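Shown next, in structure tokens, is the structure this report addresses.
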Amino acid sequence: MIDNSNTGAGGRRFLELRNIHKRFGGVHALRGIDLTLDLGEAYHLLGENGCGKSTVIKIMSGAHAPSEGEIVLDGQTRESLTPIQSLAAGIETVYQDLSLIPNFTVAENVALNEQLVSAGGRLARLFDRNRLRQTAEKALATVGLPSDGAFLNTVVSDLPLAARQLVAIARAIATRAKLVIMDEPTTSLTRREVDNLIRVVERLRAENVAVLFVTHKLDECYRIGGQAVVFRDGQCVAQGPIERYSKRQLAELMTGRSIEAERYRKAKPANEELYKVDRLVAQNVDGISLTLHKGEILGITGLADSGRNELAMAMTGIRTATSGTMTLAGRPLSVRQPSDAIHEGIGYVPEDRLAEGLFLDKSILENEIALVLRKLSNVFGVVDKQKGRRLAEKLSEDMRLNTKDLDLPVGALSGGNQQRVLIGRWLSITPKLLVLHGPTVGVDVGSKDTIYRAIQQLAQDGMGLIIVSDDLPELLQNADRILVMNHGRVVAIFDAETASEEDLYKAMLASNMETVQ
């Protein structure tokens, strides 16, 4: 399946990996990778979490050295690279965790790499402020972010996740890069922001820059074009022009099995009303009303500033509503903090599992039982470890976790397995309502299939589920109804079985659209 007859768009070869192996103790992460990257071409590195994608980009960026093989960079053969050598050669990487410095300003983060390279990896105590501002203004404008003084001086930790994602991309293109590597660059971006990023990629290619995407979003790959590079189990199993492969073929190459593409949602919800929100007002939420039936899956979408995120947080006590009411199973709710929601049987899977969800240095077991420690403890506050392990084993089995070693730290797991651990933790409280915010962000096609099937089973068992997402295919495949928000209000309601992506996107962009029933 590897097509080497047309590996690029005619540009000069920039980087070549030859027979690259990487071992971590007894784990053989990469098994003889051969890969060539030409200037001016786009490459899409596809594969399940744990297949070796992150390892190979860390070798390119100098974070890891290969165990065997060689790297040919700009015509020079090397055994390995250091991070500064990689940056100096023009390789810029946007990692999935963004690797931004939270207490630095936007401008400082964007211009950091440029000043690091010019200083040979050793920064002076003070930045070159004039140069920093010029670099940041140009890069931010390229990705569609503000470049005024107020935004430049904003501390990155104060920005929403989507803005931080674009800041990280701006940093990558702020220098005279020859290869820009983006690890899941659109996970937190709306369609409008993705459109802008695709234009950035087109501009980079026109300037003879190579772009390597590590992604699970095949629709975006087809829009960009270029080469598909498919990894499975540490090996490159296919490479060639992406238009030669169908989605089904790529999914089978990535997983080694057939993945269906049709709707997962088959059942119908009960008529019994489970959850109701009436004229809820909170930050960026303007009088929202909605109902959810027992066993129903409700999708909520909108642009980043539509209020969808704030609505999810208001329903689950992370943000406090200023007015309006909520009822669950006929009982009025007072949800002013997350513990109130948990007590009432409402679970919330956050969008950013790394920063907001998981204890990465703790074990799978500790993560799975974190919400029910009191229930697992005796009168002296001592946790019954056997009972906790049995619960964690059941949750891991229900979520089809790809390991039986519950003592592994969660940080050692792939993104798909981490997400399954996080969802499993919330199932430990046996919620009546589960709010999932971006349930498959940064998750591979195989793990998506597992998570979607788990969601459908939960609904079949009578749980109410709300999926807040800007992944429109995800909502269309899994939901019964989809609410579209704009400016803090619900502007349209669609039947997910008959709606199209275009229907949803038009509603997301409309500013004064009448509610559609």
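What follows draws every value from the coordinates through simple rules; no lab data is involved. Please read all numbers here as calculations on a predicted model, not as lab measurements. Every residue, glycine as well, gets a Cβ built from its backbone with ideal geometry; the counts of neighbours run over all protein chains shown.
Annotations for the structure displayed:
- Full extension of the chain between Q386 and H21 gives 127.4 nm of extra length, using 0.36 nm per residue less the Cα-Cα distance.
- Listed by chain and number, the aspartates and glutamates placed with their C-alpha closer than 16 angstrom to that of K247 are E48, D219, E220, E260, E262, D444, D449, E474; residues fewer than eight positions away on the same chain are left out.
- Cα-Cα pairs of the range 299-367 separated by more than 14 Å (percent): 67 percent
- Sites matching trypsin sites (Lys or Arg not before Pro) across the range 171-229 that sit in DSSP coil, with at most 16 neighbouring C-beta atoms within 10 Å: R176
- Cα pair distances of the chain binned at 20 Å [whole percent]: 21, 54, 24, 1
- Cα pair count fraction exceeding 29 Å, expressed as % - the range 273-509: 27 percent
- Footprinting exposure proxy ranking of R420, R389, fewest other C-beta atoms within 10 angstrom first, gives R389, R420.
- Projected label points at D74 and D405, each 7 Å from Cα along the beta carbon direction, are separated by 4.1 nanometres.
- For the chain, the residue among N130, L395, T301 whose Cα projects farthest onto the positive side of the dipole built from Cβ charges is L395.
- Placing R0 at 35 angstrom, the Cβ-Cβ distance between Q457 and D34 gives a FRET efficiency of 0.25 after rounding to 0.05.
- Overall, the range 273-509 carries a charge dipole of about 960 debye about its Cα centre when +1 sits on the Cβ of Lys and Arg and -1 on the Cβ of Asp and Glu, all other atoms neutral.
- For the chain, a simple Cβ point-charge model (Lys and Arg +1, Asp and Glu -1, everything else neutral) yields a dipole of about 780 debye relative to the Cα centre.
- Magnitude of the charge dipole, the range 400-517, Cβ model with Lys/Arg +1 and Asp/Glu -1, debye to 20: 460 debye
- Eligible aspartates and glutamates near K387 by straight Cα distance, threshold 17 Å, same-chain separation 8 or greater: E366, E368, E397, D398, D405, D407
- Positive-end extreme of charge dipole, the chain - chosen from L73, F14, L504 (charges on Cβ): L73
- At an R0 of 45 angstrom, the distance between the Cβ atoms of N378 and E207 translates into a FRET efficiency of 0.10.
- Computed FRET value (nearest 0.05) for L509 with D97, which takes r as the C-beta separation and R₀ as 30 Å: 0.50
- Residues with amide H under 5 Å from that of I300, placed H, sequence gap 5 or more: I467, V468, S469, L483
- Listed residues P439, M315, L365: farthest to the positive end of the dipole of the range 273-509 (Cβ charges): L365
- Above-threshold pairs, the threshold being 18 Å between Cα atoms, out of K294/K432; K22/K58; K22/K448: K22/K448
- Potential lengthening between T327 and S258 on full extension [0.36 nm per residue; Cα-Cα distance subtracted]: 20.7 nm
- Sorted by Cβ neighbour density within 10 Å, fewest at the top, the residues E262, E184, E368, E220: E262, E220, E184, E368
- Only helical runs count toward this figure. For the chain, summing -39,500 (n - 2.57) over DSSP H runs of n ≥ 4 and dividing by all residues gives -9500 deg cm²/dmol at 222 nm.
- Taking amide H atoms as placed 1.01 Å from N in the peptide plane, the amide H of L189 has no partner under 5 Å among residues 5 or more positions away or on other chains.
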